[in-house]
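The block underneath contains the structure these notes are about, expressed in structure tokens.
Read-outs throughout are calculated quantities, based only on the coordinates presented, and are distinct from any laboratory measurement. Computed from a predicted structure; not experimentally measured. Here the Cβ is made from the backbone with ideal geometry for all residues, glycine too, and neighbour counts use every protein chain on show.
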Amino acid sequence: MAKTKKLIIGNWKMHPNTHTDASNIFSEIKEYASGLQNVQTVICPPFVFIDKLAQEYTGHRILFGGQDVFTQTSGSYTGEVSALQLYSVGADYVIIGHSERRKLGETDEVIATKIRIALGNKLTPIVCIGESERDTHGEYLRFLRRQIEKAFSEIKKKDILNVVLAYEPIWAIGKTGDEAINAQKLHETSLYMQRVLREEYGNVIADNTTIIYGGSVEPNNAEELLREGDVKGFLVGHASLEPKAFNKILEIANNIARS
Ligand code: PGA
């Protein structure tokens, strides 16, 4: 992806219920997103829909991602999905370590392994980190630092450049736009994450790693967060299932990238 492009990722979570609905949502997004030069759109539907949706659009302006991947590349692991299987049905990205999966018991160690496996098997990991609440002593910043260090503990330093780091404060996920983070807080946190990357992995990594934001991104806050938040894109949850709202976010990102 060209560095100036904005990266807008839709995380559909466990929605919708049928392929017909998935296809309808996607076709409205496709119509708009496929015309945008300055945005890389990525749609992360449930595993079962990726294959067919990927056949509905074969250009490069919209790419696909899984919402999780297993720690092993193949074998007797009932119910799991491997990186190469995802790739083979049309995924180029995969979300790893989303807070909703961490809540189900996924540990930092498992996440580190999944990141290594994804990178080794043609997928770009979208690595989610984020605190559940903010304290006034800055403990949440140390928490973020630990999440970053642990996530990258199994990969080579240079491979961090192939990772998308998604800052998703848990307290801001699934709320309305008003309750999302404000641009100033996001800017501060993004600078802090860059500082951690600089201290741990050096200037090249700090200056070139793609950091995006997720947590109640909607059309009404997207412009401010993207202009002032010091992030290169968004991971959008509920608004990515509403084509009009998602397309508006894409439009905002496209205009900012162009200006
Ligand atoms: P949200 O979800 O946009 O609905 O807050 C973001 C996410 O969980 O990735």
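Observations, loosely collected:
- Straight-line cross-link reach from K175 at under 25 Å between alpha-carbon atoms covers these lysines, not counting any fewer than eight positions away in the same chain: K6, K13, K103, K185, K232, K244, K248.
- Here's how it looks for V89: its modeled amide H is under 5 Å from none belonging to a residue 5 or more places away or on a different chain.
- Using the Cβ-Cβ distance between E200 and N162 with R0 set to 22 Å, the FRET efficiency from 1/(1 + (r/R0)^6) comes to roughly 0.85.
- Magnitude of the charge dipole, region 150-236, Cβ model with Lys/Arg +1 and Asp/Glu -1, debye to 20: 400
- Based on C-alpha pairs under 8 angstrom that are at least 6 apart in sequence, the chain has a relative contact order of 21 percent.
- For E149 and N255, the FRET efficiency from 1/(1 + (r/R0)^6), where r spans their Cβ atoms and R0 equals 30 Å, is about 0.25.
- Calculated [θ] (222 nm, deg cm²/dmol) that DSSP helices of n ≥ 4 give over the chain, each run adding -39,500 (n - 2.57): -13000 deg cm²/dmol
- Placing unit charges on the Cβ atoms only, positive for Lys and Arg and negative for Asp and Glu, gives the chain a dipole magnitude near 680 debye about its Cα centre.
- Under 5 Å, built H, 5+ apart or other chain: amide partners of H98: C128
- In region 11-111, GluC sites (Glu not before Pro) in a DSSP loop with at most 16 other beta-carbon atoms within 10 Å: E80
- Span from the region 44-103 Cα centroid across to the region 181-234 one, whole angstrom: 25
- Were the residues from T58 through T136 laid out at 0.36 nm apart, the gain over their Cα-Cα distance would be 23.3 nm.
- Full-stretch length increase - K175, N208 - with 0.36 nm per residue and alpha-carbon distance subtracted: 8.9 nm
- Region 1-134 shape via C-alpha gyration tensor axes, a/c threshold 1.5: prolate
- About the Cα centre, charge dipole magnitude for region 1-101 (Lys/Arg +1, Asp/Glu -1 at Cβ), debye: 380
- Shape category assigned to region 59-201 from the gyration tensor of Cα positions, a/c cut at 1.5: prolate
- Between S82, A183, S240, the Cα set farthest toward the positive side of the dipole of the chain (charges on each charged residue's Cβ, about the Cα centre) is that of S82.
- Residue-wise HN-Hα coupling along region 212-226, computed from phi with Karplus coefficients 6.51, -1.76, 1.60 (Hz; x: Gly, Pro): 10, 10, x, x, 6, 7, 9, x, 6, 10, 4, 5, 5, 5, 7
- Contour minus Cα-Cα distance for H187 and T73 (0.36 nm per residue): 37.3 nm
- Karplus (6.51, -1.76, 1.60) ³J(HN,Hα), θ = phi - 60°, over region 69-82, in Hz, Gly and Pro reported as x: 8, 8, 6, 10, 8, 6, x, 8, 10, 3, x, 8, 10, 8
- Under 5 Å between amide hydrogens, built in the peptide plane, is the criterion, and for I212 it picks out L165, A166, Y167, K232 among residues at least 5 positions away or on other chains.
- For region 104-225: relative contact order, % (alpha-carbon pairs under 8 angstrom, 6 or more apart): 29
- Placing unit charges on each Cβ (+1 for Lys and Arg, -1 for Asp and Glu) gives region 1-55 a dipole about its Cα centre, and among H15, Q40, I50 the Cα reaching farthest toward its positive end belongs to Q40.
- Global form of region 125-249, assessed from the alpha-carbon gyration tensor, a/c cut-off 1.5: prolate
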